[in-house]
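Okay, structure first, notes after.
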Amino acid sequence: MNFFEEEIAKLSRRVKKIEETPLPGKLKSNKLLYEVELELRQQQLEAWHLKRPFVEPGLFQPLLQALGFEIGDYIMAADRTSHADQHFDTVRTMGFPDSLCDRTIVQLAMINGQHMPPPVLVVMHNNACEAIKLSANALGRLSDSQMYAVDVPVNAEESPVETLVGVS
């Protein structure tokens, strides 16, 4: 089962449980969040089956979505995987250090093991930590994708698209 299928199953169980046994003290937004995430994972799974291009967007998710790319959420997927031990074993066999930040290194095993679609484009930026930058580079090399590094100002987290179009 790939990452999207696992997330769909998990989120479906959560939504069903809330519907069947609602707790009066819980916010209704919990269920809404799970439903939105469930819809996203269903769309991502369908996009993967349709062979739509996935991307590691760095700071540029809105721009790359507007260009028609699917957003991979590779680091987030590494955070949420239920197969961390298996992925660390894979990382070791791939020759990568397992002592690196787990959220950055596990994504490499997920791509290699076909738990996630490989990106066709990886966009890196200088505001990320070194582990993220190095893993993004490895992600691009493993998936044989186009890679771009964008030099952005320190405050670009607030408006990264301005960096690309030169607006200040």
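The values are calculated or read from the model by the stated rules, or taken from the named source; none is laboratory data. What you see is a predicted model, and the numbers here were worked out from it, not measured in a lab. Using ideal geometry, Cβ is built from the backbone for each residue, glycine included, and neighbour counts are taken over all protein chains shown.
Residues checked against (1) closer than 17 Å to GLU7 by Cα; (2) in contact with a strand residue (DSSP E or B) (Cβ under 6 Å, 6 or more places away or on another chain); (3) among the aromatic types (Phe, Trp, Tyr):
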position: TRP48; (1), (2), (3): yes, no, yes
position: LEU67; (1), (2), (3): no, no, no
position: MET76; (1), (2), (3): yes, no, no
position: ALA84; (1), (2), (3): yes, no, no
position: THR93; (1), (2), (3): no, no, no
position: VAL120; (1), (2), (3): no, no, no
position: ALA128; (1), (2), (3): no, no, no
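Could you tell me whether the stretch 96-106 includes any residue that is under 18 Å from LEU59 (Cβ atoms) and either in contact (Cβ under 8 Å) with a residue 40 or more places away in the chain or of a type in the set (A, V, I, L, M) (or both)? First the steps, then the outcome.
Going residue by residue through the stretch 96-106, those that are under 18 Å from LEU59 (Cβ atoms) are 103-104.
From what is left, the residues that are either in contact (Cβ under 8 Å) with a residue 40 or more places away in the chain or of a type in the set (A, V, I, L, M) (or both) are none.
Checking the stretch 96-106: not a single residue is under 18 Å from LEU59 (Cβ atoms) and either in contact (Cβ under 8 Å) with a residue 40 or more places away in the chain or of a type in the set (A, V, I, L, M) (or both).
With respect to PHE60, determine if the residue is out of contact with any strand residue (DSSP E or B) (no Cβ under 9 Å at 6 or more places or on another chain), of a type in the set (Phe, Trp, Tyr), in contact (Cβ under 8 Å) with a residue 60 or more places away in the chain and surrounded by 17 or more Cβ atoms within 10 Å (Cβ to Cβ).
Working: out of contact with any strand residue (DSSP E or B) (no Cβ under 9 Å at 6 or more places or on another chain): no; of a type in the set (Phe, Trp, Tyr): yes; in contact (Cβ under 8 Å) with a residue 60 or more places away in the chain: yes; surrounded by 17 or more Cβ atoms within 10 Å (Cβ to Cβ): yes.
The answer is no for PHE60.
Would the stretch 68-88 turn up any residue that is basic (Lys, Arg), within 22 Å of TYR148 (Cα to Cα) and either in the same structural domain as SER145 (by TED's automatic domain parsing) or at pLDDT below 90 (or both)?
Filtering the stretch 68-88 down to residues basic (Lys, Arg) leaves 80.
From what is left, the residues that are within 22 Å of TYR148 (Cα to Cα) are none.
No: zero hits.
Conditions tested, residue by residue: (1) assigned to a helix (DSSP H, G or I); (2) modelled with pLDDT of 95 or more; (3) over 14 Å from the mean Cα position of the chain (by Cα).
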| residue | (1), (2), (3) |
| --- | --- |
| ALA9 | yes, yes, yes |
| SER12 | yes, yes, yes |
| LYS17 | yes, no, yes |
| LEU23 | no, no, yes |
| LYS26 | no, no, yes |
| SER29 | yes, no, yes |
| LEU38 | yes, yes, yes |
| GLU46 | yes, yes, yes |
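As an exercise: evaluate THR93 against (1) of a type outside the set (Asp, Glu); (2) in contact (Cβ under 8 Å) with a residue 60 or more places away in the chain; (3) farther than 22 Å from VAL55 by Cα and give the number of the one condition it does not meet.
Result: THR93 passes all but (2).
Here is a yes/no grid of residues against (1) modelled with pLDDT under 90; (2) in the same structural domain as GLU5 (by TED's automatic domain parsing); (3) outside any helix (DSSP H, G or I):
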residue	(1), (2), (3)
VAL122	no, no, yes
ASN127	yes, no, yes
ALA131	yes, no, no
MET147	no, no, yes
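Please count how many residues of the stretch 51-77 are closer than 25 Å to HIS87 by Cβ, touching a Pro at 6+ places or on another chain (Cβ under 7 Å) and not small (Gly, Ala, Ser). Even if it seems obvious, please write down each step before you answer.
Initially, the stretch 51-77 is screened for residues closer than 25 Å to HIS87 by Cβ, giving 51-58, 61, 69-77.
Going one step further and asking which of them are touching a Pro at 6+ places or on another chain (Cβ under 7 Å), we end up with 54-56, 69-72.
Remaining after also requiring not small (Gly, Ala, Ser): 54-56, 69-71.
The number of residues fulfilling the criteria is 6.
MET116 versus (1) of a type outside the set (Ser, Thr, Tyr); (2) part of a helix (DSSP H, G or I); (3) surrounded by 13 or more Cβ atoms within 10 Å (Cβ to Cβ): which is the lone unmet condition?
Tallying (1) of a type outside the set (Ser, Thr, Tyr); (2) part of a helix (DSSP H, G or I); (3) surrounded by 13 or more Cβ atoms within 10 Å (Cβ to Cβ), MET116 fails exactly one: (2).
I'd like the full set of residues that are assigned to a helix (DSSP H, G or I) and within 17 Å of the chain's Cα centre (by Cα), limited to the stretch 82-110.
Of the residues in the stretch 82-110, the ones assigned to a helix (DSSP H, G or I) are 84-94, 102-110.
Answer for the stretch 82-110, where residues must be assigned to a helix (DSSP H, G or I) and within 17 Å of the chain's Cα centre (by Cα): ALA84, HIS87, ASP102, ARG103, THR104, ILE105, VAL106, GLN107, LEU108, ALA109, MET110.
Take the residues in the stretch 71-85 that are without any contact (Cβ under 8 Å) to a residue 40 or more places away in the chain and under 20 Å from HIS49 (Cα atoms), then tell me which one is surrounded by the fewest Cβ atoms within 10 Å (Cβ to Cβ). Write out each step before concluding.
The initial filter retains those residues of the stretch 71-85 that are without any contact (Cβ under 8 Å) to a residue 40 or more places away in the chain, namely 71, 73, 76, 78-79, 83-85.
Within this subset, residues satisfying the condition of being under 20 Å from HIS49 (Cα atoms) are 71, 73.
Working: ILE71: 19, ASP73: 22.
Only one residue fits best here, namely ILE71.
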